[in-house]
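Q: There's a structure below that I have some questions on.
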Amino acid sequence: MTLSLPIDPEANRLLERSPLALLTGMLLDQQIPMEKAFSSPYVLAQRLGHDPDARELAGYDPEALVAVFARPPALHRFPKAMAARVQEMCRVLVDRYDGDAAALWAGVSDGRELLRRIGELPGFGRQKAQIFVALLGKRYDVRPEGWREAAGGYGEEGAHRSVADITDADSLRRVREFKQAAKAAAKAGKG
């Protein structure tokens, strides 16, 4: 099973075939709708003329990359900051994983190691790293021992908490309801 978001089918196919695109979509998934975040790697590929490559993005002129991200429609609400963050992530992938995003999860010994590796990427705090562990396990069959525990509540079977749980329109609705309820609870707790 793979990710199935209500986005351009070509954008979904890119997420299926390109680990870097998937990782980039997850990185961009903050302060914008998840559909926008996960379709932006496809728009980036269109602007580059080919699928994104970690080595290319790591070495890209920073100002030119900001221009690629900022061109309407911008790839993110904060194109300058996110272009820099994607570039930082790609530099880590080049330095530690020879530019291969899939090497980030290949051969991990257990879920804790997977969570640690993902959490070491720029822009991946604990929650985002847990969601990505859940996404890899639930949709891409990356399931080292203890992956569900490492993913926390996002790894639970039958949960509807994140992008990892979206398979159709109904599951998307349920994830949105969960997020709205979580926001409301957080807001009530601060008041």
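Q: Somewhere in the stretch 131-152, is a residue over 18 Å from the mean Cα position of the chain (by Cα) and among the acidic types (D, E)?
A: Kept after step one, since they are over 18 Å from the mean Cα position of the chain (by Cα), are these residues of the stretch 131-152: 144-146, 149.
Then keep just the ones that are among the acidic types (D, E); that gives 145, 149.
Scanning the stretch 131-152, I find at least one residue that is over 18 Å from the mean Cα position of the chain (by Cα) and among the acidic types (D, E), so the answer is yes.
Q: On to the next question. Within the stretch 79-103, restricting attention to residues that are of a type in the set (D, E) and open to solvent by 80 Å² or more (accessible area, probe 1.4 Å), which residue is farthest from R126 (Cα to Cα)?
A: D98
Q: Tally time: how many residues in the stretch 79-103 are part of a loop (DSSP other than H, G, I, E, B) and free of Cβ contacts under 8 Å to residues at least 24 places away in the same chain? Write out each step before concluding.
A: Keep residues of the stretch 79-103 that are part of a loop (DSSP other than H, G, I, E, B), which gives 98-100.
This time we only want the ones that are free of Cβ contacts under 8 Å to residues at least 24 places away in the same chain, so: 98.
So the count comes out to 1.
Q: Does the stretch 179-190 include one or more residues that are surrounded by 19 or more Cβ atoms within 10 Å (Cβ to Cβ), out of contact with any Ser or Thr (no Cβ under 6 Å at 6 or more places or on another chain) and in a helix (DSSP H, G or I)? So that I can check it myself, show each step before the final result.
A: First, pick out the residues of the stretch 179-190 that are surrounded by 19 or more Cβ atoms within 10 Å (Cβ to Cβ): none.
Taking every residue of the stretch 179-190 in turn, none turns out to be surrounded by 19 or more Cβ atoms within 10 Å (Cβ to Cβ), out of contact with any Ser or Thr (no Cβ under 6 Å at 6 or more places or on another chain) and in a helix (DSSP H, G or I).
Q: Give the stretch 1-38 a look and list any residue that's small (G, A, S) and touching a Gly at 6+ places or on another chain (Cβ under 8 Å), or say none.
A: Within the stretch 1-38, A37 is the sole residue that qualifies.
Q: Which residue pairs have Cβ atoms under 8 Å apart, sit 6 or more places apart or on different chains, and have a first residue in the stretch 1-28 that is over 18 Å from I131 (Cα atoms) and a second that is surrounded by 15 or more Cβ atoms within 10 Å (Cβ to Cβ) and aromatic (F, W, Y)?
A: I7/F38; I7/Y42; D8/Y42; E10/Y42; A11/F38; A11/Y42; L14/Y42
The values are calculated or read from the model by the stated rules, or taken from the named source; none is laboratory data. For clarity, every value in this text was computed on a predicted model and none was experimentally measured. No Cβ is skipped: glycine too gets one built from the backbone with ideal geometry, and neighbour counts run over all protein chains shown. Ligands, DNA and RNA are excluded from the accessible area calculation, which covers all protein heavy atoms including side chains. Shrake-Rupley method; radii C 1.70, N 1.55, O 1.52, S 1.80 Å.
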